[in-house]
1. Using 7 Å Cα-to-Cβ label points, what is the S51/N227 separation (nm, one decimal)?
2. For n ≥ 4 DSSP H runs only, could you compute -39500 (n - 2.57) per run for the chain, divide by its residues and tell me the 222 nm figure to the nearest 500?
3. Relative to the present Cα-Cα distance, how much length would full extension add between R62 and E213 at 0.36 nm per residue of separation?
4. Determine, from the Cβ-Cβ distance of E126 and A24 and an R0 of 45 Å, the FRET efficiency 1/(1 + (r/R0)^6), rounded to the nearest 0.05.
5. Mind sorting D208, D76 by how few other Cβ atoms lie within 10 Å of their own Cβ, fewest first?
6. Among L108, L142, L27, which one shows the biggest mean-square fluctuation in a GNM of the chain, springs joining Cα atoms closer than 10 Å?
7. Contact order normalised by length for the stretch 64-227, with contacts defined as Cα pairs under 8 Å and 6 or more residues apart; what percent is it?
8. Between the DSSP loop rule and a limit of at most 12 other Cβ atoms within 10 Å, which GluC sites (Glu not before Pro) in the stretch 1-30 are left?
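Every number here is computed from the coordinates shown, using simple stated rules; none is lab data. These numbers were taken from a predicted model, which means no experiment stands behind them. As a convention, Cβ positions derive from the backbone with ideal geometry for all residues, glycine included, and neighbour counts pool all protein chains shown.
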Amino acid sequence: MLLRVVRRILAHPALEHVLINIDAPELLEEIPELVALRKQGRIEFVRSTESPSRSVIESLERANLDAGPVLVTTADHALLDDEMLDAFFTASATSDADVTLALVPRTLLRARFPESRRTYLRFRNESYSGANLFLFRRPAALRAALFWRRVERQRKRPWRIARAFGLTNLILFSLRQLDLNAAMARASRVIGAKVVAVPLAIAEAAVDVDKLEDLELVRHILCERRNR
């Protein structure tokens, strides 16, 4: 899966270099293609820290947001393709956000994959699942990563994440009084950086591989694509 994601990223014209965060970088020495890409200067191996958010913070500092935007995604984003990246980058380019993040509407996801179990954030008009795509566009975006570090342990408990945003926001969230844009605006004020959510009309963008059933779903989708 990691190799698949790296190939996709390096093939996209908007992306130039890859930092791979992994607990044991020495394992990557067993993959000749990755070793060759590192020798070419196209990728780097970086040892992960004690948490995903800390690893992202260190990677952002290493990449230097002053030099340009940084995309963060996950190695289990097995269906990542140019369509998803193009849609995400195009929408992000029209925003003045410091950070953009991709989400997939629940109605779209359930229509395409009714048996797939996902974690959703529920807003007034729709619920959304994360698509594991984050674009840190400006130096101020680092504040979002620092806030993420505070709440990442609660990522499977949306109510506790909401609590970190303050009592008023928690009440509005719990009563589903906020639509997605209003929620992002309030979140931005708490975080200290402008965060904008980008809904993607691509159900596959929310499919990552956390469980065996996810792996089976991904294999089924790829088989369908090959047959077409």
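1. 4.4 nm
2. -13000 deg cm²/dmol
3. 50.8 nm
4. 0.70
5. Ranking D208, D76 by Cβ neighbours within 10 Å, fewest first, gives D76, D208.
6. Fluctuation is largest for L27.
7. Normalised by residue count, the contact order of the stretch 64-227 is 35 percent.
8. Listed in order of number, the matching sites are E16.
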